[in-house]
Amino acid sequence: MTVLTKIIQLNTRGNNDIIDITEDVAAAVAETELQAGVITVFIPGSTAGVTTIEYEPGLISDTTDMFERITPQEIKYHHNKYGEGNGHSHMRALLLGASLSIPFSAGRLTLGIWQQIVLIDFDNRPRSRQVILQIMGE
């Protein structure tokens, strides 16, 4: 069993910026020359998350709208008394989660045909983000 760690560096716009990172994750797996295993995609921090969606304009808008309905930016968050006015960002990231595990086989991610891996940055400002990829396989 081999375990490798890689990093994707990117800049976001914040405010529900949804970024398709599928190609970067797939390339990281391909570079390892491992044939089968699992990759964990992890975003450090507490105002962003990762998931899979069909990355198309309608679902991108629906996703943003859903998070606004569940955790509206305008309501009172206790964190905002002590932080940077981004209480809603923390709640959204808490709901989404900071990591995702994806199996791979024959050196390729086993995603569905319409399934892409996305980072969603909920913070209320642009950020420089690192996505940690830990690849385990043989």
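The values are calculated or read from the model by the stated rules, or taken from the named source; none is laboratory data. Here the structure is a predicted model, which is why all the values come from computation and not from measurement. Note that we place each Cβ from the backbone using ideal geometry, even for glycine, and neighbour counts take in every protein chain shown.
Structure summary
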item	result
Lone unmet requirement of (1) under 30 Å from Met1 (Cα atoms); (2) at pLDDT below 95 for Gln134	(2)
Matching entry among Gly58, Gly85 (being over 19 Å from Leu119 (Cα atoms) and not basic (Lys, Arg))	Gly85
Count - residues of region 102-122 that are among the β-branched types (Val, Ile, Thr), part of a loop (DSSP other than H, G, I, E, B) and either within 16 Å of Ile39 (Cβ to Cβ) or touching a strand residue (DSSP E or B) at 6+ places or on another chain (Cβ under 9 Å) (or both)	1
Residue that is surrounded by the most Cβ atoms within 10 Å (Cβ to Cβ), among those in region 67-124 that are among the aromatic types (Phe, Trp, Tyr) and touching a Gly at 6+ places or on another chain (Cβ under 8 Å)	Phe122
Some residue of region 29-39 being of a type in the set (Asp, Glu) and loosely packed, with under 13 Cβ neighbours inside 10 Å	yes
So Leu109, is it within 12 Å of the chain's Cα centre (by Cα) and of a type in the set (A, V, I, L, M)	no
Residue within region 41-53 that is buried (at least 17 other Cβ atoms within 10 Å of the Cβ) and free of Cβ contacts under 8 Å to residues at least 12 places away in the same chain present	no
Long-range neighbours under 9 Å by Cβ, at least six apart or interchain, first residue free of Cβ contacts under 8 Å to residues at least 24 places away in the same chain within region 95-122, second part of a strand (DSSP E or B) and surrounded by fewer than 16 Cβ atoms within 10 Å (Cβ to Cβ)	Thr110/Pro103
Test: residue in region 59-66 that is over 21 Å from Gln9 (Cβ atoms), crowded, with 17+ Cβ neighbours inside 10 Å and among the charged types (D, E, K, R)	no
